Every structure is written in C-alpha cells, then in structure tokens.
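Worksheet: the structure to be examined is printed underneath.
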Amino acid sequence: MTTTLAPTIENFYKFCAEKKLMGVVCAKCKKTTVPPRSLCPHCGSSDMNWTELPSKGKLVTYTVIHVSPAQFQELTPYAVGIVEFAEGVRLPGMIRNVKLENLKIGMELQTDFEATVPSEWPRWPRYFFTQP
Amino acid sequence: MAKPLATIVSAGVSKFGAREGLYARELFVEAASEAFERCPKLSPKKDIDGLFVGQMSESYEHQAHVAPMISDWVGLLPAPAYRTEAACASSGIAMRCAIFAIQSGMHDIVLVGGVEKMTNRRTATVTENLGMASDFPFEQWHGITFPGIFGMIATAHMAKYGTTEEQLAKVAVKNHENGMLNPKAHLQKKITVSDVLSSRPVASPLKLYDCSLISDGASCIVLANPKLAKKFTDTPVHIVGSGQAQDTLGLFERDDITTMNVTRLAAKQAYEMAKVDAKHIDVAEVHDCFTIAEIMAYEALGFCKEGAGGKLIDEGITRIGGQIPVNTSGGLKAKGHPVGATGTAQACEVYLQLTGQAGGRQVKGAEIGLTQNIGGSASTAVVQIYSRGD
C-alpha cells in the first residue's frame, strides 16, 4: 500500500489489514502521533507522513472488563489496556493470550491482528496486544 | 468575596431512581414544580425568559429536540430554549451557558436544568450508550467500556500512589451513608467496606459498589441576574466563580492518567474568579461516577496533595462533620446518576446546604460551596463556586 494515503483513521485501519500499525510523523517537529491526523497536535504543521510503529511496547495500565456491550459478550471477561510504543505514542486495545493474573504495568506486549474482519460497521480489522 | 456572576433564587430535584412509567419531560416537570413552589414570588411564565437543559442521549427515549418539549411542559413557551450536551457534564455546561446569557444581558432570569431517563433500557444497552462518550475508533471499537476507562485510571493510580481497594470502598460507604439522609436519593442503603469488596467485578479493580447508579431523574435551578435576585428571595445563593477546561476525548492520548488535569484547570479558574481557595470550601459535591473519580477530585481540587486522596478518605475529612464534607447528597454513587441531570443536581444540593434546607445532612454554618462535574473520562470539567447571599 502506498504511504501517500491521507493520514486518516480509515487508512490507519487499512494498514491494519496489512498487519501494520501505523502512526504519522511530523516533518516539522519530528514528533510521532497516533491516531493519524492531518494537523500536528504538537506544532500545528500539516506536513504529516506515515511511519510504522514499533512492534513492541510497554503496558501503561489495564483493566479486566466483566460487564460489556452486546457485541463483546462472548469474550467477557477480557483484558484491555494502553500500550506505549515510544514516549507519548500510545494506543488502547484488547490484551489477548495473557493470563489475567499475570497482567502487570510495565510488561512488554507486542501487536498482533485479528484474522477475520468484523461484519458490523465500520468493518475495521482490529489490532490487539499479546505476549511476545 | 468576588462579585456574583449569577444568582440562584430557587432549585428543585425530582426523586432519583427507577421511575417506571415516567419519561424525561415528566421528570423535569417534577423538578421544576419543586423549584417554582419553593419560590412563591416567582411567576415562571412572566419572569423566566429562557431555558437551558442538559441531556446526554437521545437513544433512551428515541427523542431528540428536547429543549422546546421541556419548555412547553414547564410552561415557558415561547421563551428561547437551548439543549447542551457534554456527556455527564451536560447540565454543568448548561449552567455555564446560562451564566454567559445573564452576563451578556440577553437574559435576566432563566431555568437551568438537566434530565436523563435511563432505566427503561437493559444494562448492556445503557453501558453501550454511556460508552458513546468515549472515543469510538480506538476505545469503543476495542471493547473498552466506561467502567473500563475508570478501571484503567484506578489501576494506574493504585500503582503510582499505593491507593487501595479499601480506600475506594470507603468512598462508596461514605456516600451511601449520606444518601440515607437524602429522601430524593436513588438508594437508601447502608453498606460496609466488605460489601463493596465482595460485590461482583465490573472492570477491575472496580466492582459493582464502586460504580454510580443507572437512574432516572431531573434537576433544575432558577438563575437570575444578581441585581434582580432580591425581588424573588431572601435567601439567594450567588455563583461567584466558574471554570471549565477540556482534555482529549481518548484517555490514551493523555500524558498522565493518574491526575485529573482538567479539574485542576477548571478549579484554578473558579478559585481565582471567586477569590477563594480550597481551604475556604465548607461543602462540595464532586463527580463520583466511580469511587476513584472522587479520590482524584480531592487531589485536583486541592483538598489534599496529589496522590493523597486515599489518605483523605481514611481520615474521615470528607464525611459530614469532617473538615470538608463531600457529596452530602449521596453523590452519584447513592443519590444516583441520571447523567444529564447530575450537574444541576449538584448545584441544587449546594443551594440547599447554603440556605440551611438540607435537613438531616445539613452542614452547619455552610457559607461557601463547590461543585465539580466531569464529562466522559474527564474530557470536560466544570467547577463552580457558590456563596450564601443573605
């Protein structure tokens, strides 16, 4: 896929379909931002270019969800957390294949991608975090 | 004390709870009727020239465009009516808008309130509706619920500061004790720390009794230009400080989730405007949507230093009879949390406290009050400061 694609959320998830977790880097202040956006939240520049995020990051915080909306009922209970890939570059997501009692702030996690595309709108392929 | 921005001349709250068979308009009428009865010198149709109403969601009743509907049902047509939305701070920002309206001179006396009907839907649907106030593409889409957001905040706060599940539980126990003294509260139920700790998990470390209630309810205040207030009441309550700040919609986009930065910024504005600080506050209603949120509100409002919120609840300082009683109404935890109604319900409680009408939960001699209302994961925070005007 070409990296001249506009820095949009829709395109972020198009990259997920290629098993790539992408942010944008500002040509002016060099800071990385995720989710991708067309105006740099740090300096206001509109010169934003795609960059692939590191495949591993550290768990900033987490929770185990026991009461969930209808579409996640089959997975419940499940863990979610925020992973930091570099200073200030974070994404939240589900944590899979980790025993709930082994979750720990600071643990290393790596990104993976669901094999199937959800059938409901907006049909974005989901990334998730797992043990390296 | 600073010059008043606007003056509360009356207030009313509906009974909060599972109000089967009653919908938003009817609940709002219940609240407004109490406010009107409390202020016999006010002729609502003649004197009130505008309505501001906060409501979060159209989904519960499949009803949008509620401002003219509420205006009609409380008898204010054809006065201009406005609906505001900021998730759980919907009526907190309604108050801000009403203050602007009065300060601008375009309105003199307005009715400001909020309402939400929620218990007609199943818990999974309510969870989904409330979740709409979080970021859709990165939080909702990945199964992160609202309790999940505050669960992640609590996990981080506990790890950084050593805050314990027992301390969180004590917030719930205190607010339930206060709710026992409030006949309008959703729950009149005493609970113990072990009840909280043994309640079923919702989003770790938060359990059922760490969460506020899904409730139906409405609340309102009659807000007047300070110059006109004495015409209607001998016991006015002035709003002397008001602040608001915004943060990112997504929790993950913030550098530090162990502090409620927007509350701190809104409080700073309000304290400076009112020319008071935390030590002058006699009574406060804070946004305890989850027990951890009350602990973090203590810290951000300056009731204690950063990280010491757990210690403050241990020491009993925020109980009725303590140095700064917090959530005398029972808070969102026991009074209930019909989300759109919460901001003005907090103002109603402070009004009752400052006018000596709070009954069994009265804080003796209260002169200065504070409310803190947040929307979502604290993407919005509104802080108001009140002073007794007689």
TODO: Rank B:Leu213, B:Tyr271, B:Ala203 by how far each Cα sits towards the positive end of the charge dipole of the range B:199-271 (+1 on Lys, Arg Cβ; -1 on Asp, Glu Cβ) and give me just the farthest.
DONE: B:Tyr271
Task: On Cα atoms only, tilt of B:261-274 relative to the major axis of chain B in degrees - done: 40
Open item on the list: Below 8 Å between Cα atoms, with a sequence gap of 6+, how large is the relative contact order for the range B:52-173 in percent?
Closed with: 24
Task: Residue among B:Gly105, B:Gly179, B:Gly114 with the largest mean-square fluctuation in a Gaussian network model of chain B, springs linking Cα atoms under 10 Å - done: B:Gly105
- [ ] Determine, for A:Met22, B:Met296, B:Met132, the number of other Cβ atoms within 10 Å of each Cβ, and report the residues in order from fewest to most.
- [x] B:Met132, A:Met22, B:Met296
TODO: Return, in residue-number order, each cysteine of chain A whose C-beta is not under 4.7 Å from any other cysteine's C-beta.
DONE: A:Cys16
TODO: In debye, nearest 20, what is the charge dipole magnitude of chain B about its Cα centre with +1 on Lys and Arg Cβ and -1 on Asp and Glu Cβ, if you could check?
DONE: 820
Open item on the list: At 222 nm, what value in deg cm²/dmol follows for chain B if DSSP H runs of at least 4 each add -39500 (n - 2.57) and the sum is divided by all its residues, to the nearest 500?
Closed with: -10000 deg cm²/dmol
Task: Cα→Cβ-extended label distance, 7 Å offset, between B:Asp255 and B:Tyr23, nm - done: 4.9
- [ ] Using the Karplus curve 6.51 cos²θ - 1.76 cosθ + 1.60 with θ = phi - 60°, work out ³J(HN,Hα) for each residue of the range B:66-74 in order, rounded to whole Hz, and write x for Gly and Pro.
- [x] 7, 4, x, 4, 5, 4, 4, 5, 9
Open item on the list: As a footprinting exposure proxy, order B:His142, B:His287 by other Cβ within 10 Å, with the fewest listed first.
Closed with: B:His142, B:His287
- [ ] Go through A:Lys19/A:Lys104; B:Lys15/B:Lys335; A:Lys104/B:Lys170; A:Lys20/A:Lys104; B:Lys117/B:Lys207; B:Lys207/B:Lys333 and tell me which ones have a Cα-Cα distance over 19 Å in this structure.
- [x] A:Lys19/A:Lys104; A:Lys104/B:Lys170; A:Lys20/A:Lys104; B:Lys117/B:Lys207
- [ ] Would you mind telling me which residue in B:Gly113, B:Gly50, B:Gly143 has the biggest mean-square fluctuation in a Gaussian network model of chain B, where springs connect alpha carbons within a distance under 10 angstrom?
- [x] B:Gly143
TODO: Putting +1 on Lys and Arg Cβ atoms and -1 on Asp and Glu Cβ atoms, find which of A:His42, A:Val117, A:Gly106 reaches farthest to the positive end of the dipole of chain A.
DONE: A:His42
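Cα-Cα over 27 Å: which of A:Lys30/B:Lys268; B:Lys184/B:Lys227; A:Lys56/A:Lys99; B:Lys3/B:Lys268; B:Lys184/B:Lys268?
From the list (A:Lys30/B:Lys268; B:Lys184/B:Lys227; A:Lys56/A:Lys99; B:Lys3/B:Lys268; B:Lys184/B:Lys268), the Cα-Cα distance tops 27 Å for A:Lys30/B:Lys268; B:Lys184/B:Lys227; B:Lys184/B:Lys268.
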Task: Relative exposure of B:Leu5, B:Leu187, B:Leu168, judged by other C-beta atoms within 10 Å (fewest first) - done: B:Leu187, B:Leu5, B:Leu168
Task: Sites A:Val117 and B:Glu367 - FRET efficiency at Förster radius 56 Å, r taken between beta-carbons, to 0.05 - done: 0.40
Task: Most mobile of B:Pro183, B:Pro325, B:Pro205 in a GNM of chain B (Cα contacts under 10 Å) - done: B:Pro183
Task: Residues A:Lys14 and A:Asn97, FRET efficiency given R0 of 30 Å [Cβ-Cβ distance, rounded to 0.05] - done: 0.75
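Read-outs: derived from the displayed coordinates by stated rules, not from any lab. Owing to the predicted nature of the structure, the values given are computational and were not obtained by experimental measurement. Please note: Cβ atoms are built from the backbone with ideal geometry, for glycine as well, and neighbour counts cover all protein chains shown.
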